[in-house]
Amino acid sequence: MKSRKKEIISYFQELDRRFFMDSHKELAGLDEALPIGFEQTISQPSLVLEMTLALDLQPDSRVLEIGTGSGFQTALLAEFSEEVFTVERIKELHNRAKERLAEAGFTNIHFKLDDGSFGWEEFSPYDRIMVTAAASLVPNELVEQLKNNGKMLIPVGSSAMQELTLIEKDENGNVTSKVLNYVRFVPLKGKYE
Ligand code: SAM
């Protein structure tokens, strides 16, 4: 039987990044973040894969994603978990991602147009949280919406560079964090910018 890691890698390799882009499609094969309008980017493919693997998704995971963007990362999360709750603050990106992911056949994604700095309390707690925009510090609201035994990935730091931080809650609710990599994401707008 294929390991989950191998399944994720092979799904990722088959995923056509051009499907998630309305412009610059000719550059989709580059391992770089690319513009998707509104001063936002579709993430660098190798980083999307690295973050997906690091989140340790389980088939029954309920996942909160902050920063839907193009929906590229959302597709990977939805393919390898039970349900995804994704929040985006830019209406045009939210609408396009919703259309694309419906066209791709996903039925386990819930979309919200809002400031995701505060998470999505209504459906919390979540087994996994993925933040795809950079925060100056870890939002308390998101830590509170993470289940015991849950994991959260978030880029934390200045606008120039951030620490890709893995936050874990143990079975008693104790929180630990470790830095996995150094990354550069667009800012998480709002309270934690
Ligand atoms: N993973 C996405 C992809 O590959 O298309 C990339 C996301 S892009 C780097 C970050 C996204 O976070 C942008 O679409 C941006 O509008 C969104 N964003 C920034 N601050 C936000 C906030 N406070 N709440 C919700 N979304 C936010």
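Please treat every number below as a calculation from the coordinates, not as lab data. Here the structure is a predicted model, which is why all the values come from computation and not from measurement. Neighbour counts are summed over all protein chains in view; Cβ atoms, including those assigned to glycine, are modelled from backbone coordinates with ideal geometry.
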*Within the range 169-181, is there a residue that is surrounded by fewer than 18 Cβ atoms within 10 Å (Cβ to Cβ) and under 16 Å from the mean Cα position of the chain (by Cα)?*
yes
*asked:* Of everything in the range 120-146, what is under 17 Å from Leu77 (Cα atoms) and in a strand (DSSP E or B)? Give them in sequence order.
replied: Tyr126, Asp127, Arg128, Ile129, Met130, Val131, Leu146
*Among the candidates Phe123, Phe80, Phe118, single out the residue that is surrounded by fewer than 16 Cβ atoms within 10 Å (Cβ to Cβ) and aromatic (Phe, Trp, Tyr).*
Phe123
*Of residues in the range 54-74 being under 18 Å from Ala133 (Cα atoms) and more than 9 Å from the ligand (Cβ to nearest atom), the one surrounded by the most Cβ atoms within 10 Å (Cβ to Cβ)*: Leu64
*What is the residue count in the range 100-116 for residues that are in contact (Cβ under 8 Å) with a residue 60 or more places away in the chain and in a helix (DSSP H, G or I)?*
2
*Odd one out for Glu65 among (1) acidic (Asp, Glu); (2) touching a His at 6+ places or on another chain (Cβ under 8 Å); (3) under 17 Å from Pro155 (Cβ atoms)*: (2)
*Among (1) in contact with a strand residue (DSSP E or B) (Cβ under 7 Å, 6 or more places away or on another chain); (2) of a type outside the set (Lys, Arg); (3) in a helix (DSSP H, G or I), which single condition is Phe85 missing?*
(3)
*Tell me which residues, restricted to the range 83-92, are crowded, with 21+ Cβ neighbours inside 10 Å and without any contact (Cβ under 8 Å) to a residue 40 or more places away in the chain.*
Val84, Thr86, Val87, Glu88
*Consider only pairs whose beta carbons are under 6 Å apart and that are at least six residues apart or on different chains; among these, list those whose first residue lies in the range 152-163 and is farther than 12 Å from Ser177 by Cα and whose second residue is in a strand (DSSP E or B) and hydroxyl-bearing (Ser, Thr, Tyr).*
Met161/Tyr182
*Among the residues of the range 89-99, is any within 15 Å of the ligand (Cβ to nearest atom), under 15 Å from the mean Cα position of the chain (by Cα) and not in a helix (DSSP H, G or I)?*
yes
*Flag if Ile8 is of a type in the set (Val, Ile, Thr) and in contact with an Asp or Glu (Cβ under 9 Å, 6 or more places away or on another chain)*: yes
_Unmet criterion (only one of (1) in contact (Cβ under 8 Å) with a residue 60 or more places away in the chain; (2) within 26 Å of Arg18 (Cβ to Cβ)) for Asn95_ = (1)
*Please specify each residue of the range 20-53 satisfying the condition of being surrounded by fewer than 16 Cβ atoms within 10 Å (Cβ to Cβ), among the hydrophobic types (A, V, I, L, M, F, W, C) and either more than 21 Å from Arg89 (Cα to Cα) or under 14 Å from the mean Cα position of the chain (by Cα) (or both).*
Leu27, Leu30
*Only one of (1) under 15 Å from Glu65 (Cβ atoms); (2) within 11 Å of the ligand (Cβ to nearest atom) fails for Phe106. Which number is that?*
(2)
